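Participant: Let me begin by handing over the structure; questions about it come next.
Please treat every number below as a calculation from the coordinates, not as lab data. In this text, all values refer to a predicted model and were calculated from it rather than measured experimentally. Neighbour counts run over all protein chains shown; Cβ positions are idealised from the backbone, glycine included.
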Amino acid sequence: MRNGMLCLLFLALALAHGHVRADDPDARALAERIATRPSSEGRVGIMNFTLTNKSGKQRERVAKVAHADLDGTERLLIYFTAPAAIQGTSFVTHTHQQSVDESWLYLPATERVRRIPASQRAEYFLGTDLSYGDIQDNFSFGLDDWRFDPLEQVERDGRRWPVLKGHAPDADTARELGYSAFTAVVDPDTLIPIEIEYLDPHGDPLKRVEVLDQQRIEGIWTAMQFTVVNHLKRHRTDVYFSELRHVPEIGLEVFDAETLAFGAPRLP
Amino acid sequence: MVRRTRDASIRRAGSLALMPLLLAAALAEAAPRLESQRHQLALWSAVRTDDGEVSLARLSASSEWRWRFGDRWQAELGARLELADDDTGLGTVRTFAPASRPLIDSEHARLEIDAATLSRQHAGQQIVLGKQVVAWGVLDGLRVTDRFAPVRLRDFVLTEVRPERISRWGVRVRQRALDGWFDFAVALDDTVDQLPNPGDTFSPLAPRSRAGLPLDAVAPPLVVADRGHAPSDATIGLRFSRGLAAGSFSVLVLDGPDTEPRFTPQPDGTVRLDYPRRSLFGATFEASAGAFVWRAELAHIPDQPVNRSGSAGLLIDREARTLAGIGLDWRGEDGLFVNAQFGIDHLKEGASDAALVRPQTDWIGTVRVQKSLLQDTIILRAEWIGSLADGDGAFRPSVEWALNDTLRLGAGIDWLHGQPDELFGQFRDQSRAWLRLTASF
């Protein structure tokens, strides 16, 4: 009896400190629907970045992008075409359902493709405010990475939109993700989180992601334009896609890491 | 001093004969479309820290263009003009095959073709013909299996990117099979490592780099064995690579002229730099684990040409050579990157009484720490590369600032330390502070 009381007391203390916070089943169900929302078998397009620093100075980046979701692996290629200083720089990532994700970076000056660590998710992607993890997750939240809090709702355009909240289960995961928690307003029709607020591993506001335009590309809802504001660095990245099109027959060699060293990808 | 080779223009024409035919084939498939172009101007200058003298002043202008012919064919052309007014020099071209020699070559100016390729890619197969670089291996700057392409040694190892590989005329075919890639390459052109000219800043001084010649001894005239013996001096290589769990591995074999010179005394008192053929068998492995990426390479050369020094003078010999290296990348928070590598280069002692002119075993280490700030606008770097056995090396702190999307400004120090008879220490009087301005457009 005394032991049971002690256990309850310990559990109450732990809950009070947030160390053991149960996953909310409804929230997890929504996160699963977001993670498994219909994805394109293959698509290609142009990704345009505008980076704005705290003094208002802007830098532009343009990249070819290809994406395919086949055979339990999501593959993404980003090949920079401008500015000239980074032309030819390429990034490929393979997100596997059953094994550890893999990523490679090709810097033309080195003539070599470099494998980059799987846990590099928190690092900023080539000077943008997006992390490598943001690029990989594609507006979803890793089901193994987060514990989900009870759902809330918010009134939008006369409708109630779900608000998904999550927190990293421990400090190590928070460091790896670069985030300790998030709050996301999810479009109930498209299942795309249109506003996401992230807290850094110390619990301070880090950045806000806002989707400004969603479009249906061959039946697949896609975030065509979004902006990322980094509160700590007072830096901002605006991204929009152009010429995005559905290419179901895209060859997997486009996403082959070693092929990165052989010039611009030959996208269909 | 410079031995005349056969008519370079005839050889150059021969090497290029195939290209127009293939270009015609590509044109038959589709009209060319300029896909990308890039131009770069780089001004690099340095002063010696010992005496404040300018030891480097070099202006490079490079351009590259890529054309697409339909979905399968692609052509690339890259050229580089270099102007120099310094003792560092533009390096020797006597080690280049005639077909690869600069189109313009004078004491202070040089125009070289960096790339001239026509490639076809279709259904898991890729063919590249023309002047190209084949970069194998996984370590950074430590050449264990990365010995297909020759490199430039005119700046020793103090370049922005190491190694600076030299492109050669040849054919490369990659074929997907057995869940991996077979990569077959032939370099018809027998260009070998580019050396500094005698008297240049990084002209070797140590006995180990001069076939055992004592430190203060005057070097005899050097001649370079004729280049341009294609196809008998072609380099041929085959590599197979494939993924393995959270990593990848490759095995490779290559055969061709050694890219490092062997010194052969001549009856007329000169010393000839020879590049005999040798074979290399190698393997690489690369894997990521958490915040780390591990790399390893192993190579064995059963018939490495070597020099020995004995009572009969300078001798030539062959011995087994084994090279191995491991390295790791670690990425910390906020743009911190650390790379550390360790390499061993071991020559078998052999039965000869004469001593090897270089140490039997070299132990080389490299450590690089890099930190990017302000969204990659500023990059701080510090690197040490050196010999772990002798303790000599080069410490290279630097900073690079992207002024905008076009201009980058870099500054740094190359501090060389050690004894004059050591690999790095031989250049200890050439420590320098440098500045580099790069414009890309």
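Participant: Equivalent-ellipsoid semi-axes (√(5λ), Cα gyration tensor) for segment B:205-324, whole Å, largest first?
Facilitator: Taking √(5λ) for each Cα gyration eigenvalue gives 36, 18, 12 Å.
Participant: Over all directions, how big on average is the projection of the convex hull of the alpha-carbon atoms in chain A, in square nanometres?
Facilitator: 16.7 nm²
Participant: Under a Cβ-Cβ cut-off of 12 Å, what is the net charge of the residues other than residue B:238 that fall near it, where Lys and Arg count +1 and Asp and Glu count -1?
Facilitator: With Lys, Arg at +1 and Asp, Glu at -1, the net is +1.
Participant: Let me ask something else. Under the definition of partner shielding as Cβ atoms of other protein chains within 10 Å of a residue Cβ, what is the mean value for peptide A:253-264?
Facilitator: 5
Participant: Taking each pair of distinct Cα atoms in segment B:385-438 once, what is the resulting Kirkwood hydrodynamic radius in Å?
Facilitator: 12.2 Å
Participant: Per residue, what volume in Å³ does the Cα convex hull of segment A:8-165 take up?
Facilitator: Expressed per residue, the convex hull around the Cα atoms of segment A:8-165 is 198 Å³.
Participant: Eigenvalues of the Cα gyration tensor times 5, then square-rooted: what semi-axes does that give for segment B:21-167, in whole angstrom, largest first?
Facilitator: They are 33, 18, 14 Å, listed largest first.
Participant: How large is log10 of I(q)/I(0) for segment B:239-287 at q = 0.16, 0.23, 0.24, 0.31 Å⁻¹ when the intensity is taken from the Debye formula with one equal scatterer per alpha-carbon?
Facilitator: These q points yield log10 I(q)/I(0) values of -0.61, -0.82, -0.85, -1.04.
Participant: If you scale each eigenvalue of the Cα gyration tensor by 5 and take the root, what three semi-axes come out for segment A:182-229, rounded to whole angstrom and sorted largest first?
Facilitator: Output for segment A:182-229: semi-axes of 24, 11, 7 Å.
Participant: Could you give me the radius of gyration and the Dmax of segment A:200-268, taking only the C-alpha atoms into account and expressing both in angstrom?
Facilitator: Every Cα atom of segment A:200-268 included, Rg and Dmax give 17.0, 44 Å.
Participant: Here's something else I'd like to know. Rounded, prolate or oblate: pick one for segment A:99-202, where a ≥ b ≥ c are the square roots of the eigenvalues of its C-alpha gyration tensor, a/c under 1.5 means rounded, and failing that, prolate if a/b is larger than b/c, else oblate.
Facilitator: It comes out prolate by the Cα gyration axes.
Participant: Would you compute the Debye intensity of segment B:324-441 from its alpha-carbon atoms alone, equal scatterers and no solvent, and pass along log10 I(q)/I(0) at q = 0.09, 0.14, 0.15 Å⁻¹ to two decimals?
Facilitator: After summing over all Cα pairs, the log10 values are -0.36, -0.74, -0.82.
Participant: Could I ask something else about it? Taking 10 °C and 1.306 mPa s as the conditions, I'd like the Stokes-Einstein D for segment B:103-195 in µm²/s, using the Kirkwood hydrodynamic radius from alpha carbon pairs.
Facilitator: My calculation gives 107 µm²/s for D.
Participant: Kindly list the residues of segment A:185-218 that lie in the label zone of residue A:156, defined by a backbone N under 11 Å from the point 7 Å along the Cα-to-C-beta vector.
Facilitator: A:185-196, A:210-214
Participant: Taking the Cβ-Cβ separation of residue B:351 and residue A:144 as r and a Förster radius of 60 Å, what is the calculated FRET efficiency to the nearest 0.05?
Facilitator: It comes to 0.50.
Participant: Over 32 Å between Cα atoms, which of A:64/A:207; A:64/B:371; A:57/B:131; A:57/B:371; A:64/B:131 qualify?
Facilitator: Checking Cα-Cα distances, A:57/B:131 exceed 32 Å.
Participant: Let me ask something else. Find, to one decimal place in angstroms, the Kirkwood hydrodynamic radius of the protein assembly as shown, where the mean of 1/r is taken over every pair of different Cα atoms and then inverted.
Facilitator: In the protein assembly as shown this quantity evaluates to 27.9 Å.
Participant: Computed over the Cα atoms of chain B, what is the convex hull's projected area averaged over all directions, in nm²?
Facilitator: One quarter of the hull surface, i.e. the mean projection, equals 22.4 nm².
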